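Here is the structure we will look at, set down as structure tokens.
Taken together, the values in this text are just the output of simple stated rules run on the coordinates, not laboratory data. Note that the structure is a prediction, hence the values are computed from the model and not measured. Please note: Cβ atoms are built from the backbone with ideal geometry, for glycine as well, and neighbour counts cover all protein chains shown.
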Amino acid sequence: RRRAPRAVVVVVDYLTVLGPDVAEYPAMPISPDDLAALRALGDALERATAAAAAAEGALLVSASRASRRHGVGAVQPWVTGPLPPEPAATDPLLREPAAEPTPFHPNAEGMAAVADLVTTVLRNR
């Protein structure tokens, strides 16, 4: 604040990964007990991030809330699920393994949605 007193600090929390549709994902390698524990951890992280943003006067972008129906198994997921253990394809131009998505991380649709959320929060401040 001393160095940039007019800066706007924006905190973006994480997209929901294990939302209500995760049971529809056939390759989910997580037991029901572990799923419950991971959801509780996600909820705690969401609350802690919101509290920290509020305590510091930062703007909060609640990607977690906006993505509740876009987790693994959703019709329009914003995160990837577990990936099958298949060998990586080779990029014919580079002659090396092609980039693979990272399991349980945002996909392109998720990142575009987060960008839209950030834009909306900044416009409405």
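Miscellaneous remarks
- Counted by Cβ distance under 12 Å from LEU117, the other residues give a net charge of 0, where Lys and Arg count +1 and Asp and Glu count -1.
- Our coupling estimate for region 110-123, obtained by passing each phi through the Karplus curve with A = 6.51, B = -1.76, C = 1.60 and θ = phi - 60°, is x, 5, 5, 5, 5, 4, 5, 4, 4, 4, 4, 4, 5, 5 Hz, Gly and Pro reported as x.
- Computed with the Debye formula from one identical point scatterer per Cα of region 1-78, without solvent, the log10 of I(q)/I(0) at q = 0.11, 0.18 Å⁻¹ comes to -0.37, -0.75.
- Annotation: amide H of VAL61 within the under-5 Å range of VAL11, VAL12, ASP13, sequence separation 5 or more or interchain, hydrogens built in the peptide plane.
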